[in-house]
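The values are calculated or read from the model by the stated rules, or taken from the named source; none is laboratory data. All of these numbers come straight from a predicted model, not from anything done at the bench. Heads up, the Cβs are rebuilt from the backbone with ideal geometry, glycines too, and the neighbour counts pull from every protein chain shown.
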Amino acid sequence: MSEYFLVINGKPAGPFNIDQLKNMRLKPDDFLKTAAMSDYKEAHEIAELRSLFNFQQRITTPQYFAGLDQRLTAALLDLLIVSGIYIIPAFVAVMLIDDHEVRMAIALSLLVLIPLTNFIYHVVREGSARQATYGKQILRIKVSDIEGGPIGLSQAFGRNLAKIIAVLTLGLGLLLSFFNRKQQCLHDIIAGTLVVKERLF
């Protein structure tokens, strides 16, 4: 069984094993995490603890939402990551090849490969258990459904497809985040998603 860090009086303590947690009279709304978990969760949200302590899982509505500045910073970091995969080898190839047409073909191919890879990368990462691209993980934000849960690959695909529409509105789709409490952009509204901040202690 796992050992858990427990938030006591606003500060992490532990790790504690299950017997120690039982002696401490763990409550469903206590915050815990294992060393492998990226964020603290309430005890009722963790399957192992629900089983051992007979807690009932409750829907925890997200309360902390990522601002547009954080989202754009994450998007820029992700674009740099994806672009680097192609630009570095393309630069080397262009330096080694003398044929002008081949060099142009390599340069033009980047205009297709980078956006396509960026799209697939966002779908796969946001639809995974991590719920976030590497850029979002660095900023400690993630994509969730309206109730705060994972969105899966199909919803991630729809969200990123809708993001293209939001960008084509000359940015107006992104600016919608300033006019609603959950800071949803147009593609979040269409796909039924949120971008939430991880709880920090």
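Mind listing just one residue for me: the one in region 57-75 that is in a helix (DSSP H, G or I) and in contact with a helix residue (DSSP H, G or I) (Cβ under 7 Å, 6 or more places away or on another chain) and, of those, surrounded by the fewest Cβ atoms within 10 Å (Cβ to Cβ)? Quick ask: steps written out before the conclusion?
So in region 57-75, the residues in a helix (DSSP H, G or I) come out as 68-75.
The next check asks that each one be in contact with a helix residue (DSSP H, G or I) (Cβ under 7 Å, 6 or more places away or on another chain); those that pass are 68, 70, 73-75.
Working: Leu68: 15, Gln70: 18, Thr73: 17, Ala74: 23, Ala75: 18.
Among them, the one singled out is Leu68.
Taking Leu116 as the residue in question, decide whether it is touching a Phe, Trp or Tyr at 6+ places or on another chain (Cβ under 8 Å) and in a helix (DSSP H, G or I). Steps first, answer last, please.
Working: touching a Phe, Trp or Tyr at 6+ places or on another chain (Cβ under 8 Å): no; in a helix (DSSP H, G or I): yes.
So Leu116 does not fit the description; no.
Given the condition under 23 Å from Arg130 (Cα atoms), assigned to a helix (DSSP H, G or I) and assigned by TED's automatic domain parsing to the domain that holds Gln184, answer yes or no: does some residue in region 85-96 qualify? Break it down stepwise before answering.
Within region 85-96, the first condition is being under 23 Å from Arg130 (Cα atoms), and the residues that meet it are 85.
Subsequent filtering for residues that are assigned to a helix (DSSP H, G or I) retains 85.
Within this subset, residues satisfying the condition of being assigned by TED's automatic domain parsing to the domain that holds Gln184 are 85.
Yes: region 85-96 contains one or more residues that are under 23 Å from Arg130 (Cα atoms), assigned to a helix (DSSP H, G or I) and assigned by TED's automatic domain parsing to the domain that holds Gln184.
For region 156-170, the condition holds for no residue, the condition being that it is touching an Asp or Glu at 6+ places or on another chain (Cβ under 6 Å), more than 20 Å from Tyr121 (Cβ to Cβ) and not in a helix (DSSP H, G or I). A count restricted to region 6-56 and to residues that are β-branched (Val, Ile, Thr) and in a loop (DSSP other than H, G, I, E, B) stands at 2.
Residue by residue, here is whether (1) within 25 Å of the chain's Cα centre (by Cα); (2) within 30 Å of Gln183 (Cα to Cα); (3) of a type outside the set (S, T, N, Q) holds:
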site: Ser2; (1), (2), (3): yes, no, no
site: Leu32; (1), (2), (3): yes, yes, yes
site: Ala43; (1), (2), (3): yes, yes, yes
site: Asn54; (1), (2), (3): no, no, no
site: Ala74; (1), (2), (3): yes, yes, yes
site: Leu80; (1), (2), (3): yes, yes, yes
site: Ile85; (1), (2), (3): yes, no, yes
site: Val94; (1), (2), (3): no, no, yes
site: Met104; (1), (2), (3): no, no, yes
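Quick check on Ala107: is it in contact with a helix residue (DSSP H, G or I) (Cβ under 8 Å, 6 or more places away or on another chain), buried (at least 16 other Cβ atoms within 10 Å of the Cβ) and free of Cβ contacts under 8 Å to residues at least 40 places away in the same chain? Against the criterion (in contact with a helix residue (DSSP H, G or I) (Cβ under 8 Å, 6 or more places away or on another chain), buried (at least 16 other Cβ atoms within 10 Å of the Cβ) and free of Cβ contacts under 8 Å to residues at least 40 places away in the same chain), Ala107 does not qualify. Which of the residues belonging to region 117-132 are crowded, with 18+ Cβ neighbours inside 10 Å and under 15 Å from Gln155 (Cβ atoms)? Across region 117-132, the qualifying residues are His122, Val123, Arg125, Glu126, Gly127, Gln131, Ala132.
Out of (1) in the same structural domain as Gly149 (by TED's automatic domain parsing); (2) at pLDDT below 95, the odd one out for Thr61 is which? Every listed condition holds for Thr61 apart from (1).
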